[in-house]
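Here the structure is laid out as structure tokens; the discussion comes afterwards.
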Amino acid sequence: MLFYRAALPLSHQTLTFVSGLVRAHCRELGSVWRKLNPGRQALLGLVYLRKGEPFAEVGAGFEVCTTTCWRYVNEVVELPARRSPKPREALGGAKRQGMAHVVIDGTLIPIDRVAADRPFYSGKHRMHGVNLQVIASPDGTIGVGLR
């Protein structure tokens, strides 16, 4: 297998934010050692989410096995998701801010899963994926109700 360096079109602030979440999570778990430090784990998760390459390829680039890559990506996805408000909370916040309406939209982000594994399968799109839902204000601001 050949390896190469690549650029990722994300800001350093994004990496710093996600690595801070990973660092706090490791402290909370009492995890004293991991194959990758929080910064590298955050970068691994962001690379996977941005480029959509299979776990085996992303893991090889970071010198971790496929299973470890899968586990690290799941942690990186789960940590920001915990911080997001539930739809009822976001809509309640939009109502308190006096918004007459909000825009609710979603998309399916494809993921690499084996065909026999059904939990993330979308019959509509006929592929495995994660359903991403967004609630935005009429001007396009994401995260309505968070102020």
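Quick notes
- Remark on the chain: Rg and Dmax equal 17.6, 56 Å (Cα only).
- Difference of contour (0.36 nm per residue) and Cα-Cα distance, R88 to H125: 10.7 nm
- In the stretch 21-124, chymotrypsin sites (Phe, Trp or Tyr not before Pro) in a DSSP loop with at most 16 other beta-carbon atoms within 10 Å: W33, F120
- Top of V102, V58, V77 by mean-square fluctuation, Gaussian network on the chain, Cα under 10 Å: V102
- Loop-resident trypsin sites (Lys or Arg not before Pro) (DSSP state other than H, G, I, E or B) in the stretch 31-99 with no more than 10 further Cβ atoms inside 10 Å of their Cβ are absent.
- A Gaussian network model of the chain, with springs between Cα atoms under 10 Å, assigns the largest mean-square fluctuation among L49, L108, L29 to L29.
- Rounded to the nearest 0.05, the FRET efficiency derived from the C-beta distance between T67 and L108 at R0 = 22 Å is 0.35.
- Here is how the number arises for the chain: DSSP H runs of 4 or more residues each give -39500 (n - 2.57), the sum is divided by the residue count, and the result at 222 nm is -14500 deg cm²/dmol.
- Residues of the stretch 52-90 with amide N under 19 Å of a point placed 7 Å along Cα→Cβ from A6: 52-74, 76-77
- Net lengthening on full extension, K95/L132 (0.36 nm per residue, minus Cα-Cα): 11.1 nm
- Relative contact order (%) - the chain, alpha-carbon pairs under 8 angstrom, separation at least six: 19 percent
- Most mobile of S137, S122, S11 in a GNM of the chain (Cα contacts under 10 Å): S11
Quick note: the coordinates plus some simple rules give every number you see, no bench work behind them. The structure presented is a predicted model; accordingly, all values stated were derived computationally and were not measured. Note: ideal-geometry Cβ built from the backbone for every residue, glycine included; neighbour counts use all protein chains shown.
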